[in-house]
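First the structure, in the form of structure tokens, and then the observations on it.
The values are calculated or read from the model by the stated rules, or taken from the named source; none is laboratory data. Being a predicted model, the structure only gives us computed values, none of them experimental. Quick reminder, even Gly has a Cβ in these numbers, built from the backbone with ideal geometry, and neighbours come from all protein chains shown.
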Amino acid sequence: MNELVKHSGLTVADDGNAISKGYMPGWANDFETEALPGALPLGMNSPQRCNYGLYGEQLSGTAFTANPPERTWCYRIRPSVKHSHRYEKIDLPYWKSAPCIDPDVISLGQYRWDPVEHTDKPLTWVTGMRTMTTAGDVNTQVGMASHVYLVNTSMVDDYFFSADSELLVVPQEGRLRFATELGIIDVEPKEIAIIPRGLVYRVEVLEGPCRGFVCENYGQKFELPGRGPIGANCMANPRDFKAPVAAYEDREVPSTVTMKWCGQFHVTKINQSPLDVVAWHGNYAPYKYDLRAYCPVGAILFDHPDPSIFTVLTAPSGHPGTANIDFVLFRERWMVMEDTFRPPWYHKNIMSELMGNIYGQYDAKPQGFVPGGMSLHNMMLPHGPDKEAFEKASNANLGPDKLDNTMSFMFETRFPQHLTGFAAKEAPLQDDYIDCWTDIEKKFDGTPGKK
Ligand SMILES: [Fe+2]
């Protein structure tokens with residue numbers, strides 16, 4: 001076993017290269033890639049005539065004057081106007097957008113769900129999306145939604161894009177392929193994908209059925225968090241994010257494109273694959289990231305920091321330090337703190353916390369929070385370890401202890417999250433979750449020194 005495998009679980013590619021074939025490393029790099037030699041113009045963006053008869057087109061992911069601007073120049077078989085015709089509205093009743101406040105649903109509470117079960121019904125990336133919570137307002141590009149996806153069927157001559165949002169995809173079961181305008185990304189559990197706003201793609205099932213979680217970010221793009229005194233290394237390192245190399249399709253066949261726009265879904269019919277970008281350059285791209293590359297930083301003597309120390313990506317809001325969304329990872333790590341209650345402490349939080357379990361056991365909840373399951377601790381709702389976790393951690397003989405076989409995450413937002421009707425009435429909600437704190441005893445009797 002080489003050192004890389006030993007420490008992170010990462011493996012090198014089959015050909016022995018540290019850089020996976022088909023991907024380019026580096027978060028927010030200014031990439032350039034071409035599927036045919038000479039397809040990319042040299043030294044300029046918009047030549048009078050592009051090589052191969054391609055059309056030049058810019059995809060802007062930020063305002064032109066953002067600092068830095070994020071945009072990608074595409075050199076494609078047809079301009080995107082040929083991949084967009086008249087739109088018809090369609091209904092996707094399980095994919096909700098904020099504001100979505102169901103008068104019959106109480107969002108004020110601590111909630112936990114078992115995994116949403118697969119069904120025999122064919123479900124694609126678009127029809128298999130099940131919204132659990134929404135926050136903010138999609139029309140003002142503020143807030144987010146959390147979803148579970150259940151996908152067992154590949155999209156065929158069928159494409160999708162969201163003008164509303166960037167999607168952070170967290171697989172929990174099965175393997176998916178995102179065939180995008182800018183290239184191909186394959187993901188499986190322990191990896192994530194980030195699909196930017198406006199990018200057209202098709203999702204195929206490589207190994208199914210597939211289940212996972214999605215954070216739909218209506219706001220500013222995800223970025224790497226500021227590291228402050230931590231310095232240049234550890235946490236999520238920029239080199240571990242991978243953008244795809246250019247890959248195109250020249251296929252003329254009746255096709256459909258579904259577009260999410262202001263919380264509504266629209267479909268347009270075209271006569272070819274829209275994935276026809278032969279070459280591109282720029283810094284607005286999809287990524288994949290292996291969560292096993294995340295190098296956690298934590299406590300090494302006593303106490304422990306807030307969970308923000310485990311932030312992988314953050315999507316800022318207008319208030320510095322107050323995220324529209326933080327994506328936080330709780331993975332394997334050593335616990336060495338002396339004379340310390342090591343699990344997460346009891347707390348109330350102005351931010352609302354949506355958690356999901358990718359695999360293993362979470363230390364604050366040894367039972368009930370299972371792989372594929374989720375929990376929600378909404379704005380200012382108290383929560384913390386259950387009785388079993390409290391007693392165990394309070395009475396343990398503390399020594400170096402490895403939390404192994406554990407990977408959970410949190411979508412934390414500054415906004416309250418509202419449950420959808422699906423989350424409250426159809427998904428496997430654990431009615432007795434709140435009872436996990438019932439057995440916590442009063443220990444105080446006024447005796448000094450009692451512990
Ligand atoms: Fe919490």
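Observations
- Count of residues meeting criterion [assigned to a loop (DSSP other than H, G, I, E, B) and surrounded by fewer than 18 Cβ atoms within 10 Å (Cβ to Cβ)] in the range 71-93: 9
- Residue count for the range 383-407 under the criterion of being free of Cβ contacts under 8 Å to residues at least 40 places away in the same chain and either within 15 Å of PRO307 (Cα to Cα) or within 16 Å of the ligand (Cβ to nearest atom) (or both): the result is 0.
- Boolean, PRO366 is surrounded by fewer than 21 Cβ atoms within 10 Å (Cβ to Cβ), of a type outside the set (Phe, Trp, Tyr) and more than 27 Å from GLY226 (Cβ to Cβ): yes
- Some residue of the range 424-437 being in a helix (DSSP H, G or I), within 18 Å of PHE213 (Cα to Cα) and among the small types (Gly, Ala, Ser): yes
- Test: residue in the range 48-59 that is exposed (fewer than 13 other Cβ atoms within 10 Å of the Cβ), on the phi > 0 side of the Ramachandran plot and either part of a loop (DSSP other than H, G, I, E, B) or at pLDDT below 95 (or both): no
- Condition met for TYR433 (surrounded by fewer than 21 Cβ atoms within 10 Å (Cβ to Cβ), hydroxyl-bearing (Ser, Thr, Tyr) and within 16 Å of the ligand (Cβ to nearest atom)): yes
- The range 333-344 - residue that is more than 9 Å from the ligand (Cβ to nearest atom) and part of a loop (DSSP other than H, G, I, E, B) and, of those, surrounded by the fewest Cβ atoms within 10 Å (Cβ to Cβ): ASP339
- For the range 102-137, a residue qualifies if it is β-branched (Val, Ile, Thr) and either at pLDDT below 95 or under 16 Å from GLY212 (Cα atoms) (or both), and the qualifying residues are VAL116, THR119, THR124, VAL126, THR127, THR131, THR133.
- Residue selected from the range 405-443 under the condition touching a strand residue (DSSP E or B) at 6+ places or on another chain (Cβ under 7 Å) and charged (D, E, K, R), by the criterion farthest from GLY384 (Cα to Cα): ARG414
- In the set (1) under 21 Å from the mean Cα position of the chain (by Cα); (2) touching a residue at least 24 places away in the same chain (Cβ under 8 Å), LYS269 fails one condition alone, (1).
- Taking the range 179-194 as the range and being in a strand (DSSP E or B) and farther than 27 Å from VAL370 by Cα as the test, the residues that pass are ALA179, THR180, GLY183, ILE184, ILE185.
- Of all the listed residues (MET410, MET355), the sole one being within 11 Å of the ligand (Cβ to nearest atom), touching a Pro at 6+ places or on another chain (Cβ under 8 Å) and of a type in the set (A, V, I, L, M) is MET410.
- Any hit, the range 100-116, residues being buried (at least 22 other Cβ atoms within 10 Å of the Cβ) and among the aromatic types (Phe, Trp, Tyr): yes
- In the range 358-367, the residues that are small (Gly, Ala, Ser) and within 14 Å of the ligand (Cβ to nearest atom): ALA364
- Being within 24 Å of the chain's Cα centre (by Cα) and buried (at least 20 other Cβ atoms within 10 Å of the Cβ) is a property that THR413 has.
- For LYS348, the conditions (1) surrounded by 14 or more Cβ atoms within 10 Å (Cβ to Cβ); (2) within 15 Å of the ligand (Cβ to nearest atom) all hold with the exception of (1).
- Among the residues of the range 258-279, those that are under 21 Å from CYS74 (Cβ atoms) and part of a strand (DSSP E or B) comprise THR258, MET259, LYS260, TRP261, THR268, ILE270, VAL277, VAL278, ALA279.
- Residue in the range 216-227 that is buried (at least 22 other Cβ atoms within 10 Å of the Cβ) and either modelled with pLDDT under 95 or part of a helix (DSSP H, G or I) (or both) present: no
- Qualifying positions in the range 398-451 - modelled with pLDDT of 95 or more and of a type in the set (Gly, Ala, Ser): GLY399, SER408, GLY421, ALA423, ALA424, ALA427
- Positions within the range 320-332 being assigned to a strand (DSSP E or B) and either surrounded by fewer than 17 Cβ atoms within 10 Å (Cβ to Cβ) or at positive phi (or both), in sequence order: GLU332
- Leading residue by the ranking (farthest from GLY231 (Cα to Cα)) among those in the range 292-319 that are in a helix (DSSP H, G or I) and not aliphatic (A, V, I, L, M): ARG292
- Listed conditions (1) over 24 Å from LYS443 (Cβ atoms); (2) part of a loop (DSSP other than H, G, I, E, B); (3) of a type outside the set (Phe, Trp, Tyr) are all met by LEU381, apart from (1).
- Residues that are outside any loop (DSSP other than H, G, I, E, B) and either in contact with a Lys or Arg (Cβ under 9 Å, 6 or more places away or on another chain) or exposed (fewer than 12 other Cβ atoms within 10 Å of the Cβ) (or both) within the range 239-257 comprise PHE241, LYS242, ALA243, PRO244, SER255, THR256, VAL257, listed in sequence order.
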